[in-house]
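Q: Below is a structure I'd like to ask you about.
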Amino acid sequence: MSRLNVNIDHIATIRQARRTNEPNPAAAAVICELAGADGITTHLRSDRRHIQDYDLLALRQVVVTHLNVEMAATDEMIEIALRVKPDVVTLVAERPQEITTEGGLDVVANRDAVKNAITKLQAAGIFVSTFIDPDVRQIKASARLGAFQVELCTASYALLNEHPGDMTVRKTKEIASEIERIRTATRAAKRAGVGVAAGHGLTYRNVAPIARIAEIEEFNIGHNIIARAALVGLDKAVREMIEAIHNATR
Ligand code: PXP
């Protein structure tokens with residue numbers, strides 16, 4: 001059965017909207033683990049727009065399953081990872097103005113930086129995964145450089161599935177061929193001897209066809225779970241505030 005790592009970045013996004021101390025990503029991580037998540041994923045971005053350095057230390061203290069930290073392959077990030085010692089570092093591409101990670105890391109073009117990161121992190125006992133497009137060249141390059149796993153970027157698949165406001169343009173053929181691309185890449189990764197994870201843009205609505213690719217061992221899913229949590233939790237939260245106000249005048 002595939003593992004689910006919950007990406008808790010957007011708990012920090014809510015906190016950073018007010019620069020306050022709640023909600024706490026470490027508390028969210030504990031709740032995810034209690035609900036059965038196999039691991040916690042988080043992305044320390046260079047611009048620190050959500051997760052902060054101190055969150056990683058807190059997460060390292062409380063996560064008892066598996067902590068996967070996504071980061072760019074820069075000296076600054078490698079140094080932080082060596083201090084925090086997550087179980088896994090996932091190397092990702094990062095562009096300064098992007099709203100979220102836009103696509104896979106070009107391991108072929110960034111060979112030296114990726115090799116440097118893998119060598120240093122592995123020497124400290126940290127496994128390294130690369131977040132790449134479902135592309136055989138990127139898979140082979142990742143395996144050659146010593147990645148233990150590749151995470152296949154499902155952003156293109158997710159984008160094809162989402163047409164807000166116009167469901168008539170749902171692109172069935174393109175979706176099928178994107179699933180096939182991911183399946184082919186998964187098999188190539190297994191042949192290259194690396195584990196396979198998948199993530200980005202996966203939702204309750206679009207996850208099933210990807211989850212049916214048996215060789216995918218792990219999913220990293222964040223935005224859609226946190227978005228749903230905000231809505232399914234809102235009713236209870238409102239009732240609790242009404243009670244707090246009414247209790248004050250009782
Ligand atoms: N995997 C990687 C490498 C990511 O960068 C992200 C987003 O931070 C995810 C998975 C999770 O994507 P989403 O939030 O769209 O589920």
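The numbers here are math on the coordinates, done by the rules we state, and not lab data. The structure presented is a predicted model; accordingly, all values stated were derived computationally and were not measured. Cβ atoms come from the backbone with ideal geometry, glycine included; neighbour counts cover every protein chain shown.
Q: Identify the single condition in (1) under 21 Å from Ile8 (Cα atoms); (2) surrounded by 12 or more Cβ atoms within 10 Å (Cβ to Cβ); (3) out of contact with any strand residue (DSSP E or B) (no Cβ under 9 Å at 6 or more places or on another chain) that Ala188 does not satisfy, given that it satisfies every other one.
A: (1)
Q: Another question, if that's okay. Please go through region 30-65 and pick out each residue that is surrounded by fewer than 18 Cβ atoms within 10 Å (Cβ to Cβ), of a type outside the set (A, V, I, L, M, F, W, C) and out of contact with any Ser or Thr (no Cβ under 8 Å at 6 or more places or on another chain).
A: Correct list: Gly36, Asp47, Arg48, Gln52, Asp53, Tyr54, Arg60, Gln61, Thr65.
Q: Continuing with this model, one more query. Here are Lys171, Lys190: which of them is of a type in the set (Lys, Arg) and over 26 Å from Thr41 (Cα atoms)?
A: Working: Lys190 fails: over 26 Å from Thr41 (Cα atoms).
Result of the check over Lys171, Lys190: Lys171.
Q: Would you kindly identify the helices (runs of 4 or more DSSP H) lying entirely within region 151-229 that contain at least 1 residues that are within 12 Å of the ligand (Cβ to nearest atom), touching a His at 6+ places or on another chain (Cβ under 9 Å) and under 22 Å from Thr101 (Cα atoms)? Break it down into steps so the answer makes sense when it comes.
A: Values: elements: 155-161, 172-191, 207-211.
Those helices (runs of 4 or more DSSP H) span 155-161.
Q: Which residues, counting only those in region 107-135, are away from the ligand (no atom under 14 Å from the Cβ) and in a loop (DSSP other than H, G, I, E, B)? Explain how you work it out, then say what you get.
A: So the first thing to find is which residues in region 107-135 are away from the ligand (no atom under 14 Å from the Cβ), and the list is 108-127, 135.
Result: Val108, Ala109, Asn110, Ala124, Gly125, Ile126, Asp135.
Q: Anything in region 63-117 that is polar (S, T, N, Q) and within 27 Å of Lys140 (Cβ to Cβ)? List them, or say none. Reasoning before the result, please.
A: Initial filter on region 63-117 (polar (S, T, N, Q)): 65, 68, 74, 90, 97, 100-101, 110, 116.
Across region 63-117, the qualifying residues are Asn68, Thr74, Thr90, Thr100, Thr101, Asn110, Asn116.
Q: When region 122-159 is examined, which residues are found to be over 27 Å from Ser177 (Cα atoms) and touching a helix residue (DSSP H, G or I) at 6+ places or on another chain (Cβ under 6 Å)?
A: Matches in region 122-159: Ala124, Val128, Leu145, Gly146.
Q: Collect the residues in region 84-119 that are of a type in the set (Lys, Arg) and surrounded by 12 or more Cβ atoms within 10 Å (Cβ to Cβ), keeping them in residue-number order. Break it down stepwise before answering.
A: Our first condition is that a residue be of a type in the set (Lys, Arg); within region 84-119, this holds for 85, 95, 111, 115.
Answer for region 84-119, where residues must be of a type in the set (Lys, Arg) and surrounded by 12 or more Cβ atoms within 10 Å (Cβ to Cβ): Lys85, Arg111, Lys115.
Q: Is region 73-85 home to any residue that is touching a Leu at 6+ places or on another chain (Cβ under 6 Å), in contact (Cβ under 8 Å) with a residue 12 or more places away in the chain and within 20 Å of Cys153 (Cβ to Cβ)?
A: Yes; the residues of region 73-85 include at least one that is touching a Leu at 6+ places or on another chain (Cβ under 6 Å), in contact (Cβ under 8 Å) with a residue 12 or more places away in the chain and within 20 Å of Cys153 (Cβ to Cβ).
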